[in-house]
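The values are calculated or read from the model by the stated rules, or taken from the named source; none is laboratory data. These figures come from a predicted structure and were not determined experimentally. Cβ placement follows ideal geometry from the backbone for every residue including glycine, while neighbour counts extend to all protein chains displayed. Please note that ligands, DNA and RNA were not included when accessible areas were found on the heavy atoms of the full protein model with its side chains. Shrake-Rupley method; radii C 1.70, N 1.55, O 1.52, S 1.80 Å.
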Amino acid sequence: MDRLDGSAHLIIVSDLDFTMVDHLDPDNLGLLRFNAMWEAYYRQDSLLVFSTGRSPTIYKQLRKEKPLLTPDIAIMSVGTEIMYGESMIRDEDWEQYLNKNWNREIVTEETAQFPELTPQSETEQRPHKVSFFVEKIKALKVIRSLSERLEKRGLDVKLVYSNETALDVLPKGAGKGQALAYLLEKFKVDGKMPVNTLVCGDSGNDAELFSVPEVYGVMVSNAQEELLRWHAENARNNPNIIHATERCAAGIIQAIGNFSLGPNVSPRDIRDFQKCKVEIFNSGHEVVKFYLFYERWRRAEVAKNMQTPKLIFFPLGTFVHPSGVEQPVNHCIDVMARLHGDKQGTNYRIWVDRVSSAQVGSDTWLVKFYKWESFGEERHGCLTTVLLSSKANVPDGFTWMHMHQTWLEGSEPKDQTTWLF
């Protein structure tokens, strides 16, 4: 919440499964396109919020499986848990608020009377969420009867049915929409109300997000019938909610352009940065641009021309490998020449996360970020620190003076000889 000094230019609040993450896209290209756009143009002055039905346990599991960025805020367990930053610090005030007229024991007693309900895994049973599977044909009858029984027991609850299979029993004040409204009120109290908020979803448990006042909304093209039906019945005439023609993360990018919320061309969609100049001059864009070039270099998607790396790097600069070995940049450029095309025809990908920068001189910036590489089932990452200079050596760009990398815990590869930059 405190990463930005003032109001966020944009807050994106996105569901994960089949909204930000397309499980039918094995190469994760839509997600990687969003990642590059976010780190290049938005990370420095905007906030990313994931709002998911997943518990913290299986949310962390998804992060290991997919190239997800680190959000500023994570709303989990269908809006019953709010956590901040990489350390996932819990919002205990929110959880105290949800205790009002909530008794988990009574909920479990009453739901046990319905043989139609199959409990979800133990990881998905949370302090303010009791979760089941129920067949679509039986769902409506169960929901009506269960609601009446819980009301008679004096509980204020909410039953959320989504994906035509999942039923969650929550406190009345919980839910993705209420959690977002709570966060926006906190921003308002702190004098940091965001300039724009974009909510993104695909299923029934996302509907509440679109009910929050004064937000823009996108239902991705693959949105389920339950969400489209809710929209037709409740928000058909709202011009600030669209049904995208693109799937998942690509639909989010489309909405940014549709509502003119900021840049909506991912650097991944730019094949030649020399021919396609971007009117943005910042360290985040520079870092994203370089690692896209390096990925394409390894995949032989750019010609073997050493002019670009020699132009980017300060000839007397140094590179400290994550192993701790310090190497002159000129040596690294020679190694880079030999690596051209060594990942050709593979699913080798690079992305960066949590790019932050501080100006430390009139023309120098210290930039920190996580750099990740994936190849097959392997994924490796390091904390990277770079000193950039904006002196005239590189037109419309930066000179990379020095680079230092440290392995992130448990992410170093067995063979470190081809790890570069």
Top-ranked residue of the stretch 289-310 - restricted to ones that are open to solvent by 70 Å² or more (accessible area, probe 1.4 Å) and closer than 18 Å to residue 270 by Cβ, ranked as farthest from the chain's Cα centre (by Cα) | 305
With 315, 413, 322 as the choices, which residue is open to solvent by 70 Å² or more (accessible area, probe 1.4 Å) and either more than 23 Å from residue 300 (Cβ to Cβ) or modelled with pLDDT under 95 (or both)?
-> 315
Among the residues of the stretch 164-188, write down those that are surrounded by fewer than 18 Cβ atoms within 10 Å (Cβ to Cβ) and either of a type in the set (Lys, Arg) or not in a helix (DSSP H, G or I) (or both).
-> 164, 165, 172, 186, 188
Inspect the stretch 266-286 for any residue being touching a residue at least 12 places away in the same chain (Cβ under 8 Å), assigned to a loop (DSSP other than H, G, I, E, B), crowded, with 18+ Cβ neighbours inside 10 Å and within 19 Å of the chain's Cα centre (by Cα) and give the result as yes or no.
-> yes
Which residue, of 8, 74, 36, is in contact (Cβ under 8 Å) with a residue 24 or more places away in the chain, aliphatic (A, V, I, L, M), in a helix (DSSP H, G or I) and buried (at least 21 other Cβ atoms within 10 Å of the Cβ)?
-> 36
Would it be correct to say that residue 98 is buried (at least 19 other Cβ atoms within 10 Å of the Cβ) and touching a Gly at 6+ places or on another chain (Cβ under 7 Å)?
-> yes
Filter pass, residue 377 being at pLDDT 95 or above, out of contact with any Pro (no Cβ under 7 Å at 6 or more places or on another chain) and either of a type outside the set (S, T, N, Q) or crowded, with 18+ Cβ neighbours inside 10 Å (or both) = no
Residue by residue through the stretch 207-237, note down the ones that are assigned to a loop (DSSP other than H, G, I, E, B) and either within 17 Å of residue 177 (Cα to Cα) or without any contact (Cβ under 8 Å) to a residue 12 or more places away in the chain (or both).
-> 212, 213, 214, 215, 235, 236, 237
